[in-house]
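Enquirer: The following block contains the structure, expressed as structure tokens.
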Amino acid sequence: MSTAVQQQNYDIADIDLAERGRFRMQWAAKEMPVLDLLEERYRRERPFEGVRMAAAMHVTSETANLMRILIAGGAEIALCASNPLSTQDDIAAALVSYYEMPVFAIKGESTAQYNAHLNAALDTEPHLTMDDGMDLVAMLHTQRSNLLDGVVGGTEETTTGVIRLRAMAAQGKLAFPVIAVNDAMTKHFFDNRYGTGQSTLDGIIRATNVLMAGKTFVVGGYGWCSKGIAMRAKGMGANVIVTEVDPLRALEAVMDGFQVAPMSQAATAGHIFCSATGDINVIDRHHMELMRDGAILANSGHFDVEINMKALELMSTKITRVRDFLDEYTLEDGRRIYVAGEGRLVNLAAAEGHPSAVMDMSFANQALAAEYLLNHSGEMSGNVYDMPEELDREIAALKLTAMGVEIDTLTAEQEAYLNEWTLGTAE
């Protein structure tokens, strides 16, 4: 790759938070052994030497450890936030101070700041993109399309972004290959289910401090993220209702022991509502009109569109911040509805995001996907690609090794049996 002058300025909340951020990075790293193993190889091989990357991601201690290993591999990276409320300001400061990394991210930034930060990351003229929600790639294809010729490929971290990318590719608009990291088995099986499940409940509890036991908890959708939320809410003693539009997923939820109902029915029963579908208005005005006084709404989908916040504002006579990251909406009839994290991604708006142990696998996928794109750039076109299965299995094997878990291996006889169609009942 040709080397251009990388922009060295930054826009963060407070550089004096750097030392606290460094300690938090180190704490997270203790549960990210797969990234450590990759870092050892990257320091030797330097696979990203001279490669410029632009990353729009949640600026957390886990993300910082991904940045650490990519820099060890020679990458020049500019990082911005993928959500206005998901930045941890001390982490942003640590990356700038200890890694001299251009970071453009402030927790609570305005929409104008958010877009300016996306632009600042793209000013580095990246060869690779790392996105979480596809806002960076969307801007690259619209406002900054003059940079497309220099882009080798990109990776996408989350369900919402993959949905958008597949729609873009179907219309023939995607100019470079993107690997759907979100769809890797070591990502959605673990990150989406166990990470989202735990961190979403963490965010709701931090915002509200309500007891889950005995409450009726309504989960919008039953994809991998919603499965995790439903599982964890049930584990804390809540009575869980799942809403779905897909008959297969709805059937799965029933077989998993959950009540399934339309949102219009669940709206009258629920105490707490959380949507994670990737679609708009999952919790809409006509649902909120039916909710009990004191209902709590949260969103764990990537964008702040799953709750119809504009409708709720129009229904309200007063909006009051009653706790950090919890707003009370007083309706004309006197009922109160509470919204956690402004309707944004609650596990990052009101908590710290996924535990580092699961992000260890997700971010190993990111690093290996970026390396794969560089090694196969001439073989891939403007489309969305699955994570190569051999890399997925490599990450799983590394994680098991790091956890001290051993598994069986096939004998030569067993492997031969699986590859021979003439064998059947033993003679």
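The values are calculated or read from the model by the stated rules, or taken from the named source; none is laboratory data. Treat the numbers as computed from the prediction; the structure is a model and nothing was measured. Here the Cβ is made from the backbone with ideal geometry for all residues, glycine too, and neighbour counts use every protein chain on show. SASA here: full protein model, heavy atoms, side chains in, ligands and nucleic acids out. Shrake-Rupley method; radii C 1.70, N 1.55, O 1.52, S 1.80 Å.
Enquirer: How much accessible area per residue does the range 230-380 have, in Å², with a 1.4 Å probe? Let's see the in-between values first.
Expert: On the way: 6490 Å² over 151 residues.
Using a 1.4 Å probe on heavy atoms only, each residue of the range 230-380 averages 43 Å².
Enquirer: At R0 = 51 Å, how high is the FRET efficiency between Thr111 and Asn375 if r is their beta carbon distance? Nearest 0.05 is fine.
Expert: On the way: r = 37 Å, r/R0 = 0.73.
Computed FRET efficiency for Thr111 and Asn375 comes out at 0.85.
Enquirer: Answer with one residue from Phe176, Phe189, Ser226: the one whose Cα lies farthest towards the positive end of the charge dipole of the range 165-267, charges on Cβ with Lys, Arg +1 and Asp, Glu -1.
Expert: The residue sitting farthest along the positive end of the dipole is Phe176.
Enquirer: With viscosity set to 1.306 mPa s and temperature to 10 °C, compute the Stokes-Einstein D of the chain, Rh being the Kirkwood radius across alpha carbon pairs; µm²/s, no decimals.
Expert: Details: Rh = 22.5 Å.
After rounding, the answer is 70 µm²/s.
Enquirer: How many nm is it between the label spots at Glu100 and Leu248, if each spot is 7 Å from the Cα in line with the beta carbon?
Expert: Going from the Glu100 label point to the Leu248 one covers 5.1 nm.
Enquirer: Give the lysines reachable from Lys215 as a straight Cα distance under 21 Å; neighbours fewer than 8 places away on the same chain don't count.
Expert: The qualifying lysines are Lys227, Lys234.
Enquirer: For the modelled label position 7 Å from the Cα of Thr330 along Cα-to-Cβ, which residues of the range 271-306 have backbone nitrogen atoms closer than 17 Å?
Expert: In the range 271-306, the label zone of Thr330 (backbone N under 17 Å from the point 7 Å along Cα→Cβ) covers 293-295.
Enquirer: How would you classify the range 82-228 from its alpha-carbon gyration tensor, with a ≥ b ≥ c the square roots of the eigenvalues: rounded for a/c under 1.5, else prolate if a/b is greater than b/c, otherwise oblate?
Expert: Numbers: a/c = 2.23, a/b = 1.40, b/c = 1.59.
Because a/c hits 1.5 or more and a/b fails to exceed b/c, the range 82-228 counts as oblate.
Enquirer: Sticking with this one: What translational diffusion coefficient, to the nearest whole µm²/s, does the range 54-162 have by Stokes-Einstein, given a Kirkwood radius computed over alpha-carbon pairs, a temperature of 10 °C and 1.306 mPa s viscosity? Please report the intermediate quantities before stating the final value.
Expert: Numbers: Rh = 13.6 Å.
This corresponds to a translational diffusion coefficient of 116 µm²/s.
Enquirer: Calculate, in nm to one decimal, what Glu31 and Arg44 gain on full extension: separation in residues at 0.36 nm each, minus their alpha carbon distance.
Expert: On the way: separation 13, 0.36 × 13 = 4.68 nm, distance 2.26 nm.
Separation in residues times 0.36 nm, less the Cα-Cα distance, equals 2.4 nm.
Enquirer: First check a/c for the range 147-188, with a ≥ b ≥ c the square roots of the eigenvalues of its C-alpha gyration tensor; if it is under 1.5, answer rounded, and if not, answer prolate when a/b is larger than b/c or oblate otherwise.
Expert: Numbers: a/c = 2.89, a/b = 1.53, b/c = 1.90.
Judged from the Cα gyration tensor, the range 147-188 comes out oblate (a/c at least 1.5, b/c at or above a/b).
Enquirer: Next question. For q values of 0.13, 0.18, 0.21, 0.24 Å⁻¹, compute log₁₀ I(q)/I(0) with the Debye formula on a Cα-only model of the range 235-321, without solvent.
Expert: Reported log10 I(q)/I(0), two decimals: -0.44, -0.83, -1.11, -1.37.
Enquirer: Give the residue from Thr124, Val305, Thr60 lying farthest towards the positive end of the charge dipole for the chain; charges sit on Cβ (+1 for Lys and Arg, -1 for Asp and Glu) and the dipole is referred to the Cα centre.
Expert: After comparing all options, I get Val305.
Enquirer: Mind checking which of Glu415, Glu76, Glu390 has the largest fluctuation in a GNM of the chain, springs on alpha carbons under 10 Å?
Expert: Sorting by GNM fluctuation, first place goes to Glu415.
Enquirer: Using a simple charge model, +1 on the beta-carbon of Lys and Arg, -1 on the beta-carbon of Asp and Glu, nothing else, what dipole does the chain show about its Cα centre, in debye to the nearest 20? All intermediate terms of the calculation are to be shown ahead of the outcome.
Expert: Working: 34 positive and 59 negative charges, 256 e Å.
Roughly 1220 debye for the chain.
Enquirer: Same structure again: Apply the Karplus parameterisation 6.51 cos²θ - 1.76 cosθ + 1.60, with θ equal to phi minus 60°, to every residue of the range 91-108 and state each ³J(HN,Hα) to the nearest whole Hz, in sequence, with x for glycine and proline.
Expert: So the J values, rounded to whole Hz, are 5, 4, 5, 5, 5, 5, 6, 9, 10, 6, 9, x, 10, 10, 6, 9, 4, x.
Enquirer: Looking at the square roots a ≥ b ≥ c of the eigenvalues of the Cα gyration tensor of the range 88-129, which shape do they give, rounded for a/c under 1.5, prolate if a/b is larger than b/c, or oblate? Don't skip to the answer; put the middle values down first.
Expert: Details: a/c = 2.72, a/b = 1.06, b/c = 2.56.
Cα axes put the range 88-129 in the oblate bin.
Enquirer: Under a cut-off of 26 Å between alpha-carbon atoms, report the lysines in cross-link reach of Lys30, not counting same-chain residues fewer than 8 places apart.
Expert: Answer for Lys30, where 26 Å is the Cα cut-off: Lys107, Lys187, Lys399, listed by chain and number.
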